[in-house]
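Beneath this line is the structure, given in structure tokens, with notes to follow.
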Ligand SMILES: Nc1ncnc2c1ncn2[C@@H]1O[C@H](COP(=O)(O)OP(=O)(O)OP(=O)(O)O)[C@@H](O)[C@H]1O
Ligand SMILES: [Mg+2]
């Protein structure tokens, strides 16, 4: 739109001036043609309005029909391995054919109305030329200067040509505005906006949080209005420096718990406090700076590993090498594309990014969503060691499906259907036969269950010693 618009407006002005000059000259030579000209202009405006209305509607639908084509193309390209494995090629082909058919229908209609508009304009202009010829023929005695008549006739034959171009350009310009219409839909007043990033009342950098104590009170959150809450009645206090393991079946609400903490979706009921300050009352960036996450699938920005670690070039290369080596990645990998890292390596990269934050910039709460899902046992060991050494005294929430990775935590939070069903040390929970954790542990078979129980006991004994 922004590239083509000036060009088309320029053409439009050019054509308008040409048509104006031609019409004025013809009208001066054949004054009786003026009423014909006005009637012609009226009919022209009427038909161009009608064509334009249908054409814009068709163009709107054409643009909207393009989105499913692009989405399916992206989906298919990203999931090609799974599609091949499941032999779903024909399903996606059919889906895309349907999308293309739909787009073609609208596009064909749009092109047809567009061309019809141009044809109508030309026919109208031809009638005007015929009108000029007829008037001259009828009033022969009034027109004695052959040269002037030649000019008038010549110009009247040129008119259809310029008028066709004029309508083409004017319809194009109007069509371009459908793109602006779509943009206008995303303006601030019609789209829900993110809360303020930083508020004047926010605590100064370095003064908050100091401990990392979390307090969830009657928290309830639904992703959208009308959806059932993903978590509800969450009442949990997490003391500073504690390691909490969050477990539960798929869809139990573990990630949603973190979503509320980071205020990706604000809770509809209740409150979350970090070191006594309600998160809802703080700026979004103030909240997120105080927390850190190693997500299930880390966010990458296009570029090298070094660029992903330090997008604002704040740190020296030596510092980058130091943190990369600490987490077990290769220093020469800094120049490689981050998108070529495996998911496990991307998680290590997220950890390295955390290590770069030092002093008051260090987060007081770290969340890890499935940190070991994509990492082998040895790398997991490195990860745990680095975390224990570097983030001593930091509150840590770890979501895990594999119980052995979190059973040694200070406390376990067992979630089910959006509720925190159990929250206690693993050892205490495993003492109760009918606890959810005990059921989950026992379901793994005798061997694993015994080893998990002894790990939980070791952790409890360790805590008692402290
Ligand atoms: N973006 C979303 N929009 C709407 N509903 C969602 C969204 N994300 C999750 N949910 C719903 O919220 C509920 C809890 O999902 P959540 O992702 O928190 O589960 P989880 O315990 O993290 O599962 P998993 O172990 O598979 O990661 C589910 O019923 C899910 O369908
Ligand atoms: Mg999850």
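Where a number appears in this text, it was derived from the coordinates with a stated rule and is not lab data. A quick note: this is a predicted structure, and the numbers were derived from the prediction, not measured. Quick reminder, even Gly has a Cβ in these numbers, built from the backbone with ideal geometry, and neighbours come from all protein chains shown.
Which whole-number value in Å³ per residue fits the convex hull of the alpha carbons of the chain?
Numbers: hull volume 105.2 nm³, N = 466.
Spread over its residues, the Cα hull of the chain gives 226 Å³ apiece.
Between the Cα long axis of helix 377-390 and the first principal axis of the chain there is an angle of about 80°, rounded to the nearest 10. Separation of the range 186-234 and the range 280-341, taken as the distance between their Cα centroids, equals 24 angstrom. Note on the range 11-103: along the principal axes its Cα atoms extend 78, 23, 14 Å, ordered by decreasing extent.
A Cα-only calculation for the range 101-244 places Rg and Dmax at 35.2, 108 Å. Kirkwood radius and radius of gyration were both taken over the C-alpha atoms of the range 278-344, and their ratio Rg/Rh is 1.05. Extending 7 Å from the Cα toward the beta-carbon at both residue 223 and residue 94 defines two label points whose distance is 2.7 nm. So if we plug the beta-carbon distance of residue 313 and residue 122 into 1/(1 + (r/R0)^6) with R0 = 60 Å, what FRET efficiency do we get, rounded to 0.05? Working from the Cβ atoms, E equals 0.50.
Largest first and in whole Å, the equivalent-ellipsoid semi-axes of the range 55-138 read 50, 10, 7, each the square root of five times a Cα gyration tensor eigenvalue. With a Förster radius of 51 Å applied to the C-beta separation of residue 377 and residue 115, the computed FRET efficiency comes to 0.15. With 0.36 nm allotted per residue and the present C-alpha distance subtracted, the residue 325-residue 184 stretch has 45.9 nm of extension available. By DSSP, the beta bridges lying fully in the chain are antiparallel in about 50 percent of cases.
Per the helix-only calculation at 222 nm, which mean residue ellipticity applies to the chain, given -39500 (n - 2.57) for every DSSP H run of n ≥ 4 and division by its residues, nearest 500 deg cm²/dmol?
My calculation for the chain gives -19000 deg cm²/dmol from helical runs alone.
Whole-percent P(r), the range 174-286, all Cα pairs, 10 Å bins from 0: 12, 34, 29, 15, 7, 3, 0. By other beta-carbon atoms within 10 Å, ranking 82, 324 with the fewest at the front produces 82, 324. Every Cα-Cα pair in the range 215-267 was counted, and those over 16 Å apart are 42% of them. Highest average first, the peptides 390-397, 41-48 ordered by how many other beta carbon atoms sit within 10 Å of their residues are 390-397, 41-48. Based on alpha-carbon atoms, the Kirkwood radius and the radius of gyration of the range 5-184 give Rg/Rh equal to 1.23. Each principal axis of the Cα atoms in the range 57-101 has its own extent, and those three values, largest first, are 41, 17, 7 angstrom.
Working from Cα pairs under 8 Å separated by at least six residues, relative contact order for the chain is 14 percent. Could you list the residues of the range 5-24 with an amide nitrogen less than 18 Å from a label point located 7 Å from the Cα of residue 142 in the Cα-to-C-beta direction? Of the residues in the range 5-24, 23-24 have backbone N under 18 Å from the label point off residue 142.
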